[in-house]
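Novice: Quick one: structure below, then a few questions.
The values are calculated or read from the model by the stated rules, or taken from the named source; none is laboratory data. In this text, all values refer to a predicted model and were calculated from it rather than measured experimentally. A quick note on method: Cβ atoms are made from the backbone with ideal geometry, for glycine too, and the neighbour counts reach across all protein chains shown. Heavy atoms of the whole protein, side chains included, go into the accessibility calculation; ligands, DNA and RNA do not. Shrake-Rupley method; radii C 1.70, N 1.55, O 1.52, S 1.80 Å.
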Amino acid sequence: MLFEERNYDELKREKKEQNKNLKKFIEKFLESGIYCVEVNDDEKLYNNNNDLRNVLSKCIKREQFDAKAFMLNGKVYLRRI
């Protein structure tokens, strides 16, 4: 194992920035008028699609968006409620 020193305040800022981007992403989806979309993690921010779905669901619940994140056949989707 290796240890690498990190600045805790920078790590918190990175997380907040990701949350802002996720919120903007969901808002953009809701403004688009599309009923259902597939979400691809092309930037590889999450370990797997289940993590992506989980983060989307938590953001939707926290911000009280009228949407739902779900998985079907290993792929992540967003749909309106």
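Novice: How about region 59-78: which of its residues are open to solvent by 50 Å² or more (accessible area, probe 1.4 Å) and either assigned to a helix (DSSP H, G or I) or farther than 13 Å from LYS23 by Cα (or both)?
Specialist: Selection gives LYS61, ARG62, GLU63, LYS68, PHE70, MET71, LEU72, ASN73, LYS75.
Novice: If a residue must be assigned to a loop (DSSP other than H, G, I, E, B), touching a helix residue (DSSP H, G or I) at 6+ places or on another chain (Cβ under 9 Å) and over 10 Å from VAL76 (Cβ atoms), how many such residues does region 14-58 contain?
Specialist: Selection size over region 14-58: 1.
Novice: Condition first: modelled with pLDDT of 90 or more and among the aliphatic types (A, V, I, L, M). Now tell me which residues in region 23-53 satisfy that.
Specialist: Correct list: ILE26, LEU30, ILE34, VAL37, VAL39, LEU52.
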